[in-house]
Amino acid sequence: MKIISTYSVKIKHYNRIFRDTVSIYRNAVDFFIQVCLEKWDTLSSITGNVFQQQFIEKLCHTTKGNVAVYDFDSMFYKMPSYLRRGAISEAIGKVSSYKSSLLNWKENPAGRQPSAPKAGFVFPSLYRTVMYNQTGDYTARIKVYIRNTWDWITVDLRKSDMDYINRWCNSRKKCAPTLQKRGKEWFLDFPFEENVKLNDTDVTDQTIVAVDLGINTAATVSVMCSDGTILGRHFCKLSKETDHLSHSINRIKKAQRYGNYKTPRLWAKAKGINHDIAVKTANFIMDVAVRYNADVIVFEHLGKMAKSAARKSRNSKCGAVRKCSPSLPIRLTDYP
């Protein structure tokens, strides 16, 4: 089984310098989306992502032996070839998804018609040797659009992030990073690929960890066999963190009561506490699974009716309760 996990590394000392690079990339994706929509009949008949990419590139990029139909080169002067091909792949994927959704809507016209695809908030991938080079343990060179041209700059990477990657990800295949922005900070997201062999345990011999994410307790974990025999039951009670979250929500409620609707610092604190609850709950579940050598972890499926019932039962006094419901970013293979 192939598993892909992503780790973010913070870029230090830089902020606005990457805006032009991302803006140009998104404009290029929008340009290729329009080309894909116009040539979709021909493009859809081509099999293979590489051949589809080459077809669109020939229509837009002029070379010694090829004359482009669309004037891409003059609009995006000296755009790196790998970045251009990444934009083409992004555009093909968006148009393909749009056409598939549109076909499903025509067969069953429920709801609104799917809207035309746009680049949206996509970010560029920095392919190795041509867009990204690791120059040291905590430094790297990346190619960005700066001073009206594409040039290399040296960036400092956060030491704790790189040390974590070097410690836990040496056995995995390191793929090309993606330039990402979260809040006011910029990151390099490194995907890691690995092949994991799953246990061939028979279904009747498997140990199951069933997780119930609750409101009064962060999680109720039951360990059982396939025949229903309970091997253990554990409760994740984060009372201290829950009290902190409730206190932060009450502070937001009090501020909104007097007309102060924009409280970014209070919201940041509440979201930070909520994220801490999610991480601790995930670690608790993984500890139980490792202790019993479990084969499967099963979570409850919350449908639309369950979500509506949960919202009503919480009796939220402000919107903070709904926005701060904990989410669990669990990766089974990332547990050290």
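The values are calculated or read from the model by the stated rules, or taken from the named source; none is laboratory data. The structure displayed is predicted, hence computed values, not measured ones. Virtual Cβ from ideal backbone geometry, glycine too; neighbours counted across all protein chains shown. Note: accessible area is taken over every heavy atom of the protein model, side chains too, but ligands, DNA and RNA are not part of it. Shrake-Rupley method; radii C 1.70, N 1.55, O 1.52, S 1.80 Å.
Might you work out the accessible area of R19 for me, using a 1.4 Å probe with all protein chains in place, and round it to the nearest 10 Å²?
Surface open to solvent at R19 totals about 120 Å².
Please work out the Cα center distance from the stretch 153-222 to the stretch 264-282, rounded to the nearest Å.
For the stretch 153-222 versus the stretch 264-282, the Cα centre distance is 19 Å.
Report the relative contact order of the chain, percent, no decimals, based on alpha-carbon pairs under 8 angstrom and at least 6 residues apart.
18 percent.
Determine the dipole magnitude for the chain: charges of +1 sit on the beta-carbon of Lys and Arg, -1 on that of Asp and Glu, nothing else is charged, the reference point is the Cα centre, and the result goes in debye to the nearest 20.
So the magnitude is around 1860 debye.
Going by accessible area, probe 1.4 Å, with all protein chains left in place, what is the ranking of W267, W186, largest first?
Largest to smallest exposure gives the sequence W267, W186.
Can you tell me the dipole magnitude for the stretch 108-257 around its Cα centre, using point charges on the Cβ only (Lys, Arg +1; Asp, Glu -1), in Debye to the nearest 20?
That gives a dipole near 1080 debye.
With a 1.4 Å probe and every protein chain left in place, work out the accessible area per residue of the chain in Å², rounded to a whole number.
Per residue, the chain has 62 Å² of solvent-accessible surface.
For the ranges 166-175, 118-127, 26-35, 199-208, what's the packing order if you count other beta-carbon atoms within 10 Å of each residue, average per peptide, and put the highest first?
Sorting 166-175, 118-127, 26-35, 199-208 by mean packing, highest first, produces 26-35, 118-127, 166-175, 199-208.
Under the definition of Cα pairs under 8 Å and six or more residues apart, what whole-number percent is the relative contact order of the stretch 211-275?
Rounded, it is 22 percent for the stretch 211-275.
Kindly report, to the nearest 10 Å², the accessible surface of F51 as traced by a 1.4 Å probe over protein heavy atoms only.
Using a 1.4 Å probe on the heavy atoms, I get roughly 130 Å².
Take the solvent-accessible surface of the protein heavy atoms, probe 1.4 Å, and return the percent of it on the stretch 120-209 that carbon and sulfur atoms account for.
The C+S portion of the solvent-accessible surface of the stretch 120-209 is 47 percent.
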